[in-house]
1. Taking Thr79 and the conditions (1) at pLDDT below 95; (2) open to solvent by 40 Å² or more (accessible area, probe 1.4 Å), which numbered condition does it fall short on, given that it satisfies the others?
2. Quick check on the stretch 134-158: of everything there that is in contact (Cβ under 8 Å) with a residue 60 or more places away in the chain and in a helix (DSSP H, G or I), which residue is farthest from Phe70 (Cα to Cα)?
3. Within the stretch 99-128, track down each residue that is in a loop (DSSP other than H, G, I, E, B) and buried (at least 22 other Cβ atoms within 10 Å of the Cβ).
4. Where residues in the stretch 214-271 are open to solvent by 50 Å² or more (accessible area, probe 1.4 Å), part of a helix (DSSP H, G or I) and out of contact with any strand residue (DSSP E or B) (no Cβ under 8 Å at 6 or more places or on another chain), which of them is modelled with the highest pLDDT?
5. If I ask for residues that are in a helix (DSSP H, G or I) and aromatic (Phe, Trp, Tyr), which ones from the stretch 69-98 would you list?
6. Can you tell me which residues in the stretch 104-138 are among the polar types (S, T, N, Q) and over 22 Å from Lys275 (Cα atoms)?
Amino acid sequence: GWISVCDSGLCTMDAATLTYDTLRFGDFEDFPETTEPVWILGTKYSALTDKDEIFADVTSRLWFTYRKSFSPIGGTGPTSDNGWGCMLRCGQMIFAQALICRHLGRDWRWVNGKQQRDEYYNILNAFLDKKDSYYSIHQIAQMGVGEGKSIGQWYGPNTAAQVLKKLTFFDNWSSLAVHVAMDNTVIIDDIKMLCKSESPCAAAAAAAAFPQTDGPRPFNGYPSGANCSEDTLAWKPLVLLIPLRLGLSEINEAYIKTLKKCFMMPQSLGVIGGKPNSAHYFIGYVGQSVLKSTVPPIHRERPCKF
């Protein structure tokens, strides 16, 4: 399984922001020159000798931004998430990492110009800004109504976690067990019961719910020729989300050492946190700097070409 932390406080550690804007041309000007190790989602690097590997790792994490001109949410709602969708996008990023680990593995890397596996395109399809994509901004916003959030209202990390948990029930292809540990408590027996729960064959369910669309790839379903067996249903992969408040307006320094250890765990999916109009997805640390992926300026909705 994989673990992530949802933090309602702000981090006092310095931040080294690594996004496609800063890394697109291998620009490491703001990256610390230090002999201390770099930890990114459970993988250890050297800031001095492993910059190419760091570049490949960071640019292989899926990055979701504010968008505009997508179809109205709910048919008559917003056509942009600018100003309110930052935590929703961070939730998408941390969940996309879970799907990458689930279907491609932690060691998978995106390579420019290289044909990717079908699973990669299936994952991308799950997050398109369309009402029928499992983890789209449309689905998250509408599912949030049941959590007391109106469409267009900012989410906190806990709300994002609860909504994503609900949306996994429709994703039979991934067949994930998602547990949101409330009150700072992880109950092992509850997790075992959740992961052992029976579910229909994911391949058959996905094929029935999402029939083949135009083109060679299925719409967020199993790749052609894939099948499932009883072994795959014996234990569902676990995504463990732990909502925490590590401080009021900023993180309590007493938690920093433990938080760093979370980034060293091979099962780590990272940390999401922030405040209204300022949410971040943290993927690692070096020295006293956390590595974060930000939700940058708004981008226009454009058709995806695979």
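The values are calculated or read from the model by the stated rules, or taken from the named source; none is laboratory data. Predicted model only: the values in this text are computed from it and were never measured. Positions of Cβ are backbone-derived with ideal geometry, glycine not excepted, and every protein chain shown enters the neighbour counts. Surface accessibility is based on the protein's heavy atoms, side chains included, excluding ligands, DNA and RNA. Shrake-Rupley method; radii C 1.70, N 1.55, O 1.52, S 1.80 Å.
1. Status for Thr79: all satisfied but (1).
2. First, the residues of the stretch 134-158 that are in contact (Cβ under 8 Å) with a residue 60 or more places away in the chain: 134, 137-138, 141-142, 151-158.
Then drop every residue that is not in a helix (DSSP H, G or I), which leaves 137-138, 141-142, 157-158.
On the way: Ile137: 10, His138: 10, Ala141: 13, Gln142: 15, Pro157: 24, Asn158: 26 Å.
The qualifying residue farthest from Phe70 (Cα to Cα) is Asn158.
3. Filtering the stretch 99-128 for residues in a loop (DSSP other than H, G, I, E, B) gives 104-117, 127-128.
The one that is in a loop (DSSP other than H, G, I, E, B) and buried (at least 22 other Cβ atoms within 10 Å of the Cβ): Phe127.
4. If we take residues in the stretch 214-271 being open to solvent by 50 Å² or more (accessible area, probe 1.4 Å), part of a helix (DSSP H, G or I) and out of contact with any strand residue (DSSP E or B) (no Cβ under 8 Å at 6 or more places or on another chain), then Lys261 is modelled with the highest pLDDT.
5. Going through the stretch 69-98, the residues in a helix (DSSP H, G or I) turn out to be 73-75, 86-98.
If the condition is that a residue be in a helix (DSSP H, G or I) and aromatic (Phe, Trp, Tyr), then Phe95 is the only one that fits.
6. Taking the stretch 104-138 as the starting set, the residues that turn out to be among the polar types (S, T, N, Q) are 112, 115-116, 122, 125, 133, 136.
Asn112, Gln115, Gln116, Asn122, Asn125, Ser133, listed by residue number.
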